[in-house]
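Chemist: Here you go, one structure.
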Amino acid sequence: MHGTGEASDWIQRFSHLVPRGARVLDVASGAGRHSRWFAARGAAVTAVDRDAAALQGLEAVARVVCADIENGPWPLPGEAFDAIIITNYLWRPLWPVWLSSLKPQGVLLVETFAIGHGRLGRPRNPDFLLQPGELLQWTQAGLHVLAYEDGLLGSAEQADLRRVQRMAAIRPATTDVQAVGDWPLNPG
């Protein structure tokens, strides 16, 4: 089932940027591996997925919203979040909604499949694969990119080889480049 297991190493690496008590949105959460990760760190998590079975049991750690966000209206209009987590999911029509839902000083953590992944496994449909540099293009909406990667993850021996793009970004509280904050790349 999607969303089981440990939180992604990318999400773990940058989760220190999300303060205790933060409102976190886990998009296409599945069974909630990232919802559980942030809830265990004191965040108020909202998990959104269309699979009601996957969401079962997640109510203990998150506000659960079962909705088909690809074929219906966005279920959280007007809500703002301190962090938005998107992994293994791509639905381009909602990017503007997610970006506008990110509060100033909010953290965006994304890790999803990129073009070239189709030769390794699913998804194969290019509609669900990021084009080269596409994830960075979305940051033109005023995000400060802390880290970005584009390449292969995993190993053929472990049968978990995948082609991804991943990014950690923050919406600065101001557009004044002299006042932009310093964000630690590790929790040290």
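The numbers here are math on the coordinates, done by the rules we state, and not lab data. Keep in mind the model is a prediction, meaning the values are calculated, not measured. We place every Cβ from the backbone using ideal geometry, glycine too, and count neighbours over all the protein chains shown.
Chemist: With an 8 Å cut-off on Cα pairs and a minimum separation of 6 or more residues, tell me the relative contact order of the stretch 9-170 in percent.
Modeler: 18 percent
Chemist: What is the fewest-to-most order of Asp150, Asp127, Asp160 by other Cβ atoms lying within 10 Å of their Cβ?
Modeler: Asp127, Asp160, Asp150
Chemist: Starting from the amide H of Gln105, placed 1.01 Å from N in the peptide plane, find each other amide H under 5 Å away whose residue is 5 or more places distant or on another chain.
Modeler: Excluding prolines and chain starts, which carry no amide H, the hits are Arg171, Ala173.
Chemist: If you don't mind, there's one more thing I want to ask. Multiply the residue separation of Glu79 and Gln12 by 0.36 nm, subtract the distance between their alpha-carbon atoms, and state the gained length in nm to one decimal.
Modeler: Length gained between Glu79 and Gln12: 21.7 nm.
Chemist: Related question: Search the structure for amide H atoms under 5 Å from the amide H of Ala43, placed 1.01 Å from N in the peptide plane, and list their residues when 5 or more places away or on another chain.
Modeler: Gly21
Chemist: Taking the Cα-to-Cβ direction at Asp68 and at Asp160 and moving 7 Å from each Cα, how far apart do the two end points lie in nm?
Modeler: 3.2 nm
Chemist: For Ala147, what residues show an amide H to amide H distance below 5 Å, using hydrogens built from the backbone and excluding near sequence neighbours?
Modeler: Result for Ala147 returns Ala168.
Chemist: Hey, another quick one. If the chain between Asp51 and Tyr148 were fully stretched, how many nm would it gain, using 0.36 nm times the residue separation less the Cα-Cα distance?
Modeler: Difference between extended and current length: 32.0 nm.
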